[in-house]
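Encoded as structure tokens, the structure appears first; notes follow it.
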Amino acid sequence: MLLFSFNISTVHSQSGWFVLKPFPNANENINDIYFTNNQTGFLVTDEYPYIGRIYKTSNQGTNWTYNFTDLTGGFTKLYFLNSLTGFALGSKL
């Protein structure tokens, strides 16, 4: 004879990704995100007509601040050698 005991509780969870604070410009495409540690991260975007931006977070991505704009082309990739030296790659279309 097998006896089972279940403790049933209601758990509400949300699956998947969701935007915490959207960017001011809805036309930006996020192309790459790179975290240098568990708090600090960077992301690169592009937007028509070929404007690239770099954003930074220092609170695990809850808030993002604008750091740099390139008016000659969008950014496509980020790479960091260490927490102080990084590269943003892009293309001029």
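Taken together, the values in this text are just the output of simple stated rules run on the coordinates, not laboratory data. Everything quoted here is computed from the prediction, not taken from an experiment. Because the Cβ atoms are built from the backbone with ideal geometry, glycine has one as well, and the counts that use them run over all protein chains shown.
Summary table
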item	result
Leu84-Phe68 pseudo-label distance in nm [points 7 Å out on the Cα-to-Cβ vector]	1.7 nm
Low-density loop positions, trypsin sites (Lys or Arg not before Pro), segment 23-93 - DSSP coil, at most 13 other Cβ in 10 Å	Lys92
Charge sum, other residues only, whose C-beta stays under 12 Å from Glu28's C-beta, Lys/Arg counted +1 and Asp/Glu -1	-1
For segment 31-47, 3J(HN,Hα) per residue [Karplus equation, 6.51 cos²θ - 1.76 cosθ + 1.60, θ = phi - 60°, Hz, x = Gly/Pro]	9, 7, 10, 9, 9, 7, 7, 6, 10, 9, x, 10, 9, 10, 10, 9, 8
Per-residue HN-Hα couplings for segment 49-54 [Karplus 6.51, -1.76, 1.60; θ = phi - 60°; Hz; x = Gly/Pro]	x, 6, 9, x, 9, 10
Surrounding net charge for Leu43, when Lys and Arg each add one and Asp and Glu each subtract one, Cβ distance under 10 Å	0
Under 5 Å, built H, 5+ apart or other chain: amide partners of Gly61	none
Residue-count net charge about Arg53 - beta-carbon cut-off 9 Å; Lys, Arg +1, Asp, Glu -1	-4
Separation of alpha-carbon centers, segment 73-93 and segment 25-50, rounded to whole Å	10 Å
